Amino acid sequence: MGSRVEDLLESLGDAEVFFLEYSRIRSNNKAIFIIEGKDDPKFYTSKISTIFGDLWDAVSVGGKSKVLELRSLIRTHPSYKGDKVFFLIDRDFDAKILEADVYTTPTYSIENLYCDSATIRNLVIGECGLSNYKVSRRIDIINYITQEYERLQKAFHQNKRIVTANTVFLYVRKEMCARKISLDKVFKVDVKFASGNLVVKLSRKSEYISSRLAEKERFKDFLAKSPQLRETLSSPKMLFRGKQEILFLREFVKLLKEDGALSKDVFTQFGYKLKLENPSMADHVLSSLAQYVRPPDCLTDFLSRSKGMAFVNA
């Protein structure tokens, strides 16, 4: 019997498999959230619970296209189309989807939300002992660290390699979309701080190398005419690819360790021994910092409206 079930599952596409899982967990008493990636619940869980309490469940399906495919299956099913189910996706380089049951991040991805300077401010208060009112010049130290983050983040966004990477990423997504190229096969971006200075390395990967010459003229035209490129370059914190943004955040958090460059600067200027209570935070940044990320107003509004849609007549 087990092998027959396994054979059936193997014959189905991803969306159909997740549809079966949805059929198993759907409920009249709970809202269901369909989420993109395996790491996304680390951000969404506390935000959903604040609005819904325990009256919800979630399924991660491994990609934006799979979320939307599953939505289509559910919303066209005669018995499921009215279910209390909502869909959470990243904007990426796409337009926002204007459906009442779909939430699109205002940024490229969830990772960009982590990278707001307010997250760093909350982090150093919560994890570096700076909630203690007895610390001399506590507010000055918090402001100094936050301003250093903003200064370095600005330098990161102005870095020619980061600008190049995001320009090419956008081109691949908009002008070469039919090939469904993984952006990780275009460039590899490495971000480090050496003696407190930002170092960015950009490695060309197989898809860039194989397509560069063939796409040269179209790419030049894209640079000259794309309004979306101008929008993206004017709002890097919001619209640059989140995977690289989180690399910058991770490396900055390392500067806050007891022997980190920023910790040493704080001691020199303020006489305060700054250190993370959890030195390994940078290794698990999506989990460790989720509690310090301020949810955007549009997410809070979406969840509040969704609760009304789900339970107003319950």
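Each value in this text was obtained by applying a stated rule to the coordinates, not by laboratory testing. None of the values given here were measured: they were computed from a predicted structure. When we count neighbours, we look across all protein chains shown, and the Cβ atoms used for this are built from the backbone with ideal geometry, even at glycine.
Here are the numbers for this structure:
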| quantity | calculated |
| --- | --- |
| Restraint check, 38/160; 134/275; 160/205; 38/174; 154/180; 81/180, Cα-Cα greater than 21 Å | 38/160; 38/174; 154/180; 81/180 |
| Between 0 and 90°, nearest 10: helix 138-158 axis offset from the chain longest Cα axis | 70 degrees |
| Order of 212, 305 - criterion: other Cβ atoms within 10 Å of each residue's Cβ, fewest first | 212, 305 |
| Size of charge dipole - the chain - debye, nearest 20, with Cβ of Lys, Arg +1 and Asp, Glu -1, no other charges | 900 debye |
| Calculated [θ] (222 nm, deg cm²/dmol) that DSSP helices of n ≥ 4 give over the chain, each run adding -39,500 (n - 2.57) | -16000 deg cm²/dmol |
| Neighbour-count ranking [beta-carbon atoms within 10 angstrom, fewest first] of 128, 115, 177 | 177, 128, 115 |
| Euclidean distance between Cα centres, the stretch 64-89 to the stretch 283-314, Å | 19 Å |
| Fewest-first sequence of 170, 286 by Cβ atoms within 10 Å of each Cβ | 286, 170 |
| Tilt relative to the chain, helix 117-127 - C-alpha long axis, 0 to 90 degrees, to 10 | 70 degrees |
| Degrees, to the nearest 10: 2-11 long Cα axis against longest axis of the chain | 80 degrees |
| Lys/Arg +1, Asp/Glu -1 at C-beta; the chain dipole; positive extreme among 50, 291, 17 | 291 |
| Separation of the residue 216 and residue 174 label points, Cα + 7 Å toward Cβ, nm | 2.3 nm |
| DSSP bridge pairs, the chain: antiparallel proportion in percent, nearest 5 | 40 percent |
| Extreme residue, positive dipole direction of the chain, given options 164, 95, 33 (C-beta unit charges) | 164 |
| Unit charges at the beta carbon, dipole of the chain: most positive-side option, 214, 113, 131 | 214 |
| Rounded to the nearest 20 debye, dipole of the stretch 112-290 from Cβ charges on Lys, Arg, Asp, Glu | 620 debye |
| Whichever lysines have a C-alpha closer than 19 Å to that of residue 84, once near sequence neighbours (fewer than 8 apart) are set aside | 30, 47, 66, 307 |
| DSSP beta bridge pairing in the stretch 9-96, given as percent antiparallel to the nearest 5 | 0 percent |
